Every structure is written in structure tokens, then in C-alpha cells.
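Presented below is the structure to which this report refers.
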Amino acid sequence: MRWVSDAMDEPVIREKFMQRYEDTDAWQKESPCWLTLVVVDKHIGNEVELHGFYSQWHPYQQAEVGFMLLPEYQGKGYAKATTQAVIDFIVKECCFHKVVATVCEGIYIAETSWFYSRRHVKRQL
């Protein structure tokens, strides 16, 4: 969590969760909020990461990709495979025009994934 946020007490986490849960209908691509997915390895049944994107539909038709991978699953291809699937969904199903990501030091997914170059996203449209 050191790159995501400061640690919070459980009551604060529950309050934030319930507020978002109660204020949210079904997710819409136009909503300025995260669509977060839990990634489960289908062979072993373990939850390995959170992955998703933040919608910036108005005015940019842009999505920001983000993920948090458990340390024991790093370096095994999960991030690359799930990033590809999420970007395919963003571009092909939701019709976003641009995909962006903030990459922390030591993370190399962007260097090996096709979204590293915006030309690829443009070609998919």
C-alpha cells in the first residue's frame, strides 16, 4: 500500500466502502469512478490481484489503468495478461479513445505491453 495510500483503520475503511456502495448504482463508463476487478487464477483458485480502470469519459474519453498484484505472484505474467484483457475491454467494448497509466519505479509492465505505445490503441479503434 505504500504507493497507493496511507494505512487506514478498519472502521474508516468500512465507512468509505459503505458510502461508495450506497451512492453507486450499476457502473457506467461515463461515471468518474474506478471499475475494480478481482483477478483469480483459474488453475489454483487464488485471488492474485486487483485490476481495473478509472473512467475519464467526460471530456476525454480516456481511461486510467491500475493494478495491485500480490508480491508472491509478481514476475509470473499475471499483470501483463490482465492488463491486456482490461485494455481490450476498455477499447473494444467501452469505446474509450485513450488509455493511460502511471508506472511506479521498478514496474516494467508498460515496457512489455502493447499499450506502451499510443499508436497501438489508435490502431484498435
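The values are calculated or read from the model by the stated rules, or taken from the named source; none is laboratory data. Fair warning: this is a prediction, and the values are worked out from it, not measured in the lab. Note that we place each Cβ from the backbone using ideal geometry, even for glycine, and neighbour counts take in every protein chain shown.
Points to keep in mind about this one:
- Every residue from region 80-100 that is out of contact with any strand residue (DSSP E or B) (no Cβ under 6 Å at 6 or more places or on another chain) and not hydrophobic (A, V, I, L, M, F, W, C): Lys80, Thr83, Gln84, Asp88, Lys92, Glu93, His97
- Within region 11-36, residues that are charged (D, E, K, R) have Cβ atoms under 6 Å from residues that are at pLDDT 75 or above in these pairs: Lys29/Ser55; Lys29/Trp57; Lys29/Cys94; Glu30/Trp57, counting only partners at least 6 apart in sequence or on another chain.
- Residues satisfying the stated conditions in region 34-66, i.e. under 15 Å from Thr102 (Cβ atoms) and at pLDDT 90 or above: His51, Gly52, Phe53, Tyr54, Gln56, Gln62, Ala63, Glu64, Val65
- Of all residue pairs spaced 6 or more apart or on separate chains, those with beta-carbon atoms under 9 Å, a first member in region 78-94 that is over 12 Å from His51 (Cα atoms) and touching a residue at least 60 places away in the same chain (Cβ under 8 Å) and a second member that is in a helix (DSSP H, G or I) and among the hydrophobic types (A, V, I, L, M, F, W, C) are Cys94/Trp57.
- Of the residues making up region 104-121, none is surrounded by 11 or more Cβ atoms within 10 Å (Cβ to Cβ) and at pLDDT 70 or above.
- Arg20 more than 18 Å from the chain's Cα centre (by Cα), at pLDDT below 90 and assigned to a helix (DSSP H, G or I): no
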